[in-house]
Amino acid sequence: MVEFLQFTLSGAVFGMVYAAIALSLVLIWRGTRLLNYAQGGMAMFTTYVAIEVIYKTGSYWAGFVVALAAGVVLGAICERGVVRLTTGKPPLNAVIVTIGLLILLEGLAGILYGGQYRSFPPAFSIIGLRVGHTPIGVSRFDVFVAAAVLVTTLAFAAAFRYTAAGLRLRATAFNPTIARLSGIRVARVLTVGWALAGLLGALAGVLVSPSTFLYPNSMDTIFVYGFTAAVIGGLESPVGSVVGGLLLGIVLSYVGGYLGSQGPDLTALVALGILVVVLMIRPDGLFAGARLRRV
Amino acid sequence: MSDALEVDGLVAGYGEVIALDDVHVSAEAGAITAVLGANGAGKTTLLRAISGMIKPRRGRVLLDGADMAGRSPEQMVRAGVAHVPEGQGVIAELTVEENLRIGMMSRRPNRAERSAALDESYERFRPLADRRRKLASTLSGGERQMLVIARALLARPRVLLLDEPSLGLAPRVMAQVMDLVVRLSREQGLTIVLVEQNARSALAVADHGLVLNLGRVVAAADAPTLAADVALRHHYLGF
C-alpha cells in the first residue's frame, strides 16, 4: 500500500513535467495546427544555457530564470526565422522544418557543449520526504516540480481567460480569419504563442533534467511522453494536457515500479503503446466527446 | 457626391483562376452600394480584395482618394474598412462579450472607453445584452448576424463590407437585418458595400448597384434603374 502511494506520487510529479511539454504542444497546435517536433530539442537547448549560467554564477535561480527567458527568445526566433517561412505551403513542409530544427538544435548542442552526460542540479533537496517514518516517494524538489508546473498552468489559464492578449491568442486559435479581419495582428500573436510554448518547454527542461541527466538527446523521450499526454488530452485542451500528463506519469510509474528489473526498459514501450491505442480508439483524445465542434 | 471607396481596374484571383477582371466600383459616401450576381460571379472575391484578405494582382483600391491596394486586413481595419465575411462569422467558442471585445482590438481603447462602447452595442442590440456571458455558439442565426455586425461596428469603420448578411436567415429576421443595414447608412452615415445573392431585397434597400458576371461588371447604375431593367433581371438577377 505504501509502495502504491509512493509510485502514484512520484508518477504524478513526472506527469506534471509531461503536462508542461503537452501544454507547449497544445499552445502551438491550437494557433497553427502544427505539431512542433522541435519542442523537446528547444527545451534541451535552454537547459544547457541554464547549466552554463549556474556554473558561471553559482546561482541556481539565475540559471532557472535565464532558461525561461531563453525559452521565450528561442520560441520567438524559431517561429519568426524558420517556421514562418512555411506559411501558405503544404502542412508537411512545416512538419519537416520542425524536425530539421530538432536535428539542428541537437547537433548544435553537441558541438557547443559536448555529447557527454551532465548532471543538472535540483533546486531543492532530492532526499525523499517522510510522513512519520514512512517514505512517501517524493522529495522537496518533487514538490517544487509539481508546484511550478501547476502555478505556471494556472497563470497561463488566467491570462488566457482575463487579459486582452489572452483573448487575442484564443481568437487567433479559434478563427484566424475573423481575428485578422478584426484587426488582430495574427502574425505577431503566433510569435507570442511560440514564445510562451518555448517558456513552458524550458520549464519542463530544467525540472526534469536533475532526474534524467542532460545530453543532446535527453529530451527526446520526455517529448514523446509529452506528446502522448497531449494526444490523450485531445491536442486542443489545456486541461486535457494536464490530466493526460498526470495519467501517463502515474501509469508509467506503476510500470517502472511493479515490473521489477524489466520495468524501466518497458516504460517507453508502454507509453508508445498507450499512444497507439488512444489514436486507434479515440483519435480526438479522451476529452473530445463533450466539446462543441464547429460546423 | 463623393466616393468613399473606389475600386479601379481591379484584377484578382486564386492561382490560375482570374476571379475579377478589370473591375470598377464606386461606393458613394454614406450610401449603400449593392454588389449583385450569381454564385461564382466574383462578389466575395471583390470584398476579399478590398479588405486585403487576398492581394489584388492589378488595380487600385482608393479609400478617400488614397490607394490602399495590397494592404493587409489588419491595416485596412485601422484605416476604417470593416469586412463582415459571409456565414455569420462569430467565434463560436468565445462568449458574446468576448466576440465584441475582439471588434475593438484594432483601436486599443482604455477601460472606460471599452465599457462605454460595449454598453452602446448592448443598447442597440438588446438581445445580445442578455447573453453577454453565453457562448456565441448558443445564439440563433439572426442573433449571430447581429453579433458580427455589432463587432464590426466596434472597430468604428467608415466603410462596411457586408457579405450576404441575409444568408440562411428566416424571412422575418432577414427583413430585420436589412432594416439595420439601412439605418446604419441613413443614421450613421456609414458607407456600405452590400454583397447579396438575393437581388430583389438588396435593391430594395440600396442606393446604387452593380452586377458582376464571371468576374466582370456587366451593369452599374442607381438601384431603381437596375431593378427596372427587365432584361438584366432576367439574365443575371433571377427575379
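Only the coordinates and a few stated rules stand behind these numbers; no lab work does. Remember, predicted model here, so these are calculated numbers, not experimental data. Note that each Cβ is placed from the backbone with ideal geometry, even for glycine, and that neighbours are counted across all protein chains shown.
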Across the residues of B:67-75, average count of Cβ atoms on other protein chains within 10 Å? 3
Across region A:114-186, what fraction of all alpha-carbon pairs, as a whole percent, falls in each successive 5 Å bin from zero upward? 3, 13, 12, 11, 10, 10, 9, 10, 10, 6, 3, 1, 0
Averaged over all viewing directions, the convex hull of the alpha carbons in the protein assembly as shown casts a projected area in nm² of 29.5
Can you spot the lysines whose alpha carbon is less than 28 Å from A:K89's alpha carbon? Ignore those fewer than 8 places along the same chain. B:K43, B:K55
Which one of A:L200, A:L252, A:L154 has the biggest mean-square fluctuation once chain A is modelled by GNM with Cα springs under 10 Å? A:L154
Local charge sum around B:E28 (other residues, Cβ-Cβ under 9 Å, Lys/Arg +1, Asp/Glu -1)? -2
Rounded to a whole number, the Stokes-Einstein D of chain A in µm²/s (Kirkwood radius over Cα pairs; 10 °C; 1.306 mPa s) is 81
Helix axis angle, B:111-124 relative to chain B longest principal axis, alpha carbon, degrees: 70
Starting from the Cα of B:K134, draw a straight line to each of the aspartates and glutamates and keep only those under 17 Å, dropping any in the same chain fewer than 8 residues away. B:E93, B:E97, B:E98, B:D119, B:E143
Taking each residue of B:104-110 in turn, how many C-beta atoms of other protein chains fall within 10 Å of its C-beta, and what is the average? 3
Using a Gaussian network model of chain A whose springs link C-alpha atoms within less than 10 Å, name the residue from A:L167, A:L92, A:L108 with the highest mean-square fluctuation. A:L92
Need one number: % antiparallel among DSSP beta bridges in the protein assembly as shown, to the nearest 5. 60
Angle check, please: helix B:141-153 long axis (alpha carbons) against the longest principal axis of chain B (alpha carbons), in degrees 0 to 90, nearest 10. 90
So what is the calculated 222 nm ellipticity per residue for the protein assembly as shown, using -39500 (n - 2.57) for each DSSP H run with n of 4 or more, over all residues, to the nearest 500 deg cm²/dmol? -18000 deg cm²/dmol
Counting only other residues whose beta carbon sits under 15 Å from that of A:G115, what net charge do I get with K and R as +1, D and E as -1? -1
Averaging over every viewing direction, what projected area does the convex hull of the Cα atoms of region B:68-110 cover, in nm²? 3.8
For chain A, longest principal axis from Cα atoms; helix A:238-258 axis from its Cα atoms; angle between them, nearest 10 degrees, is 30
Mind checking which of A:L27, A:L235, A:L259 has the largest fluctuation in a GNM of chain A, springs on alpha carbons under 10 Å? A:L259
For region B:157-224, what is the convex hull volume of its Cα atoms per residue in Å³? 96
Which is the longest stretch in chain A that no exposed loop site breaks, taking sites as trypsin sites (Lys or Arg not before Pro) with a DSSP loop state and at most 11 other Cβ atoms within 10 Å? A:1-292
What is the pair-distance distribution P(r) of chain B, computed from all Cα-Cα distances in 10 Å bins starting at 0, with each bin given as a whole percent? 8, 33, 36, 19, 4, 0
Lys and Arg at +1, Asp and Glu at -1: neighbours of B:Q188 with Cβ under 13 Å from its Cβ sum to +3
What average number of partner chain Cβ atoms lie no more than 10 Å from the Cβ of the residues making up A:161-174? 3
Treating only the Cβ of Lys, Arg, Asp and Glu as charged (+1, +1, -1, -1), what charge dipole size does region A:2-281 show about its Cα centre? Round to the nearest 20 debye. 1020
